[in-house]
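Comments concern the structure below.
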Amino acid sequence: MRVLLVCFGGWSSSILGKRVAKGLGDHGIRAEVQCLPVETGLTELGEFDVALVAPQVRHMTPTVKEVAAKLGKPVLEITMKEYAAAEPESLVRRIMDATRDNCGR
């Protein structure tokens, strides 16, 4: 599974990305999480199975959802609690629910 995490620059989001990839792996789902600035993410969204929107760019959620809808891709807005969590299990479960039909188990 390919997960796109849109953010500002990717520095702090990359930590969450690693935790999400590990969390999905713990559920038997091989995943790659890539953190990209919103502008780049919007142009590359079609290459991913799901898009996550970091809290610091949540104002861009409508734009991300608009692009994703045209591509048939789910979009999840990450809560501050999920973003700061050392164990992002609730986010991992939401990703699994959103991609149930193609989660690459």
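The values are calculated or read from the model by the stated rules, or taken from the named source; none is laboratory data. Note that this is a predicted model, so its numbers are computed, not measured. Glycine gets a Cβ as well: all are built from the backbone with ideal geometry, and neighbour counts include every protein chain shown.
Figures for the structure shown
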| quantity | calculated |
| --- | --- |
| Output for the stretch 22-33, where each listed residue is surrounded by 19 or more Cβ atoms within 10 Å (Cβ to Cβ) and either part of a loop (DSSP other than H, G, I, E, B) or free of Cβ contacts under 8 Å to residues at least 40 places away in the same chain (or both) | A31, V33 |
| Among (1) on the phi < 0 side of the Ramachandran plot; (2) without any contact (Cβ under 8 Å) to a residue 12 or more places away in the chain, the one test that E77 misses | (2) |
| Residue match in the stretch 81-91 (condition: touching a Gly at 6+ places or on another chain (Cβ under 9 Å), buried (at least 16 other Cβ atoms within 10 Å of the Cβ), modelled with pLDDT of 90 or more and among the aliphatic types (A, V, I, L, M)) | yes |
| Enumeration of residues in the stretch 50-82 that are assigned to a loop (DSSP other than H, G, I, E, B) and in contact with a Cys (Cβ under 8 Å, 6 or more places away or on another chain) | A54 |
